[in-house]
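Trainee: Please see the structure below; I have some questions.
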Amino acid sequence: MDYNEAIDYIHSTHKFGSKLGLENITKLMDLLGNPQNKLKIIHIAGTNGKGSTSNMIHDVLASAGYKVGLFISPFLEEFTERIQINGNNINKENLAKTTALVKDKVNEMLDSGSNHPTEFEIVTAIGFQYFYEHNVDFVILEVGMGGRFDSTNVIEKSIVSIITSISVDHVQYLGDTVEKIAFEKAGIIKENGDVVVYPQDFRIVEVIKKQAEKKNASIYETSENDIQLLNAGLFGQDLKYLKNDVFKLPTFKLGLLGEHQIYNCVTALRALEILKNKGYNITEENIINGLCSCKFAGRFEVINQKPIIILDGGHNISGIESFTNTIKKYMSGKKIILFYGMLKDKNPSTVIDYLLSISKKIYTLTPDNPRAIDAKDMSNLINNYTNIASPLCSVDEAINIIKKSDSDDCFAFAGSLYMLGEVRTKLKDNGFMK
C-alpha cells in the first residue's frame, strides 16, 4: 500500500457513517495488541477549544524536551495533520505502512462477522499504532465527538482528562441541552483519575462534578479570575497567571488571540500543574516558550498584514460569538469584508446577527461538505435582514476580490473548517502570508 492507496482506503470508509459506540473500536484495538493502553494520554473533550488547548499543552511539553504525539480532527490542508509528533505530521510512508496494518486487522474483524469500523475509528487506530511504534512520551488525544462513546475513549486510563468549553452542538448524537452534552463529554473521566474543567456555566460544571464523583476522580475547576489580561495586539496577548502555587510565572505572552484563548490557556496551565505534581519535568521557562510560540492554523489566524487577512474556524454559534467578539476587540471597531461558509446542521439563522455586527460586506461560499448550506441560500438568508450579502462560486473569486480591493480593507474568512483548508492553501499560493 502506498500513500495514495492509504488515503483512498481511509476515505472509502466514510460510507460507514458516524456511529458512537466502543464495540467495534475495542475489537480492532484488541487485534492490534491494544497499543493505546501502553501510552501516557492527555484526553481532551469539549465543544470548542479542544484544538487550541491541545496545541498549548503540546507546545509546552515539546519545549520541555518530551516527544509528544498529537491527535486532532479535522485537518485543514493535509490529512497528515491529524497525526503529529512534536509538530511534524506523520509522513506518507508511515501513514501507508500503518494503514496497511490496520486494514489487515479490519479484514480479520470482517471475517469474524463484525461490523466494518467507521472512518474515524480507523483513523483513531492508525494514530494509536503510530504513536506506540514511535515510542512517544505523551499523546494529546482530542475527542472526535462527544466523549463517552467516542472511539478515542477506548483507552483504559489517562494521565489527565480535560473538558473544554461546552455548548449545544451535534444534538442528534449528544442531546439537546448543555447538561445532556456535558454528561457525554464527562464520559472520558477515568476511575481515580484527574479532570480539569474550563471556566463555564455552573450547570455544566455540576454535571461533570457528579460524573467525577462516581469515578472517584479529582476535579480541578478553573476560573476566569485565575488569569489576567495585561495587553493585547494582533500577534499575541500579555497575560499574568494569578494562581502561582505550582508554577511561579512572570508575565508571559500567549501567541493565540481572543478572550476564549485566555480561558483555554488557564485550562492548559491547570493540566500542566497536574503533570508537574506527578513528577514530570516542566519548568516556567518551558511554559513561557511554549505558549509564546503557540500557533493554531485557522483559529483567528492573522495570515497577512497588508491587507489584514484573518482565518477563523468558528463553525457553531459559540465559535461565531467568540470570533465576532475578537474581531471587535482587535479591529478597533472597523467593519470588515467577510467571506463566510457554514454547514446546514449548525443552524445558520442563529449566527446572522453576529455576522452583521462586524461586516461591511459579506460574500458567501459553499464549504466542501455534503452538509454545507449553499452559498446562494446563505446569502438569501442574510439579505432577509440587510442587503449586504453576495454568493461566490469559488475561493478563487474571493481571492480576486482581495487583490482588487484597497489595502486598508480588512478581510476575514470564517465558518466551516471544510472551507478554510482550501482558503488557506490558495491564499499562500497567491502570496498572502504574513
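A short reminder: the numbers here are calculations on the coordinates, not readings from a lab. Keep in mind it's a predicted model, so treat the numbers as computed, not measured. We place every Cβ from the backbone using ideal geometry, glycine too, and count neighbours over all the protein chains shown.
Trainee: Grab the beta carbon distance between Gln228 and Glu285, set R0 = 25 Å, and tell me the FRET efficiency rounded to 0.05. Present the calculation step by step, with values, prior to reporting the outcome.
Mentor: Working: r = 21 Å, r/R0 = 0.83.
The computed FRET efficiency comes out at 0.75.
Trainee: Could you tell me what % of all Cα pairs in region 150-302 have separations over 27 Å?
Mentor: Details: 3226 of 11628 pairs.
Summing the P(r) tail past 27 Å for region 150-302 gives 28 percent.
Trainee: Sort region 24-66 into rounded, prolate or oblate with this rule: let a ≥ b ≥ c be the square roots of the eigenvalues of the Cα gyration tensor; rounded if a/c is under 1.5, and if a/c is not under 1.5, prolate when a/b is larger than b/c, oblate otherwise. The partial results should precede the final answer.
Mentor: Working: a/c = 4.58, a/b = 1.60, b/c = 2.86.
Since a/c reaches 1.5 but b/c is at least a/b, the shape of region 24-66 is classed as oblate.
Trainee: Another question about this same structure. Out of His58, Ser293, Ile126, whose Cα points farthest toward the positive end of the dipole of the chain (charges: +1 Lys, Arg; -1 Asp, Glu; placed on Cβ)?
Mentor: Sorting the options by dipole projection puts first Ser293.
Trainee: Over 25 Å between Cα atoms, which of Lys180/Lys346; Lys19/Lys376; Lys346/Lys404; Lys50/Lys376; Lys27/Lys344 qualify?
Mentor: On the way: Lys180/Lys346 18 Å; Lys19/Lys376 31 Å; Lys346/Lys404 32 Å; Lys50/Lys376 32 Å; Lys27/Lys344 34 Å.
Going by Cα-Cα distance, Lys19/Lys376; Lys346/Lys404; Lys50/Lys376; Lys27/Lys344 fall outside the 25 Å limit.
Trainee: For Thr425 and Lys180, what is the calculated FRET efficiency with R₀ set at 35 Å and r taken between the beta-carbons, to the nearest 0.05? Write down the numbers at each step before the final one.
Mentor: Values: r = 37 Å, r/R0 = 1.07.
It comes out at approximately 0.40.
Trainee: Say each of Lys361 and Glu206 gets a label point 7 Å from the Cα, pointing the same way as Cα to Cβ; how far apart are those two points in nm?
Mentor: 5.0 nm
Trainee: Hey, could you grab the Kirkwood Rh for region 301-429? Inverse mean 1/r over distinct alpha carbon pairs, Å, one decimal. Each step should come with its number before you reach the end.
Mentor: Working: mean 1/r = 0.0700 Å⁻¹.
Result for region 301-429 stands at 14.3 Å.
Trainee: At 7 Å along Cα-to-Cβ for each site, give me the label-to-label distance between Glu5 and Asn244 in nm.
Mentor: Calculated label separation equals 5.9 nm.
Trainee: Rounded, prolate or oblate: pick one for the chain, where a ≥ b ≥ c are the square roots of the eigenvalues of its C-alpha gyration tensor, a/c under 1.5 means rounded, and failing that, prolate if a/b is larger than b/c, else oblate. List each step's numbers first, then the result.
Mentor: On the way: a/c = 1.57, a/b = 1.21, b/c = 1.30.
Taking the square roots of the gyration eigenvalues as a ≥ b ≥ c, the chain is oblate.
Trainee: How much FRET efficiency would the formula 1/(1 + (r/R0)^6) give for Lys376 and Glu93, where r is the Cβ-Cβ distance and R0 is 45 Å, rounded to 0.05? Let's see the in-between values first.
Mentor: On the way: r = 43 Å, r/R0 = 0.96.
In this case the efficiency is close to 0.55.
Trainee: For Ser405 and Asn383, compute 0.36 nm times the residue count separating them, minus their Cα-Cα distance, and round to one decimal in nm.
Mentor: On the way: separation 22, 0.36 × 22 = 7.92 nm, distance 2.25 nm.
Result for the pair: 5.7 nm of gain on full extension.
Trainee: Using a 7 Å offset from the Cα along the Cα-to-Cβ direction at both Ser218 and Thr26, what is the distance between the two label points in nm, to one decimal?
Mentor: With each label point 7 Å from Cα toward Cβ, the separation is 2.9 nm.
Trainee: Another question, if that's okay. For region 13-34 and region 231-255, what is the separation of their C-alpha centers, rounded to whole Å?
Mentor: The distance from the Cα centre of region 13-34 to that of region 231-255 comes to 41 Å.
Trainee: Considering only DSSP beta bridges with both partners in the chain, what is the antiparallel share in %, to the nearest 5?
Mentor: So the antiparallel bridges amount to about 35 percent of the total.
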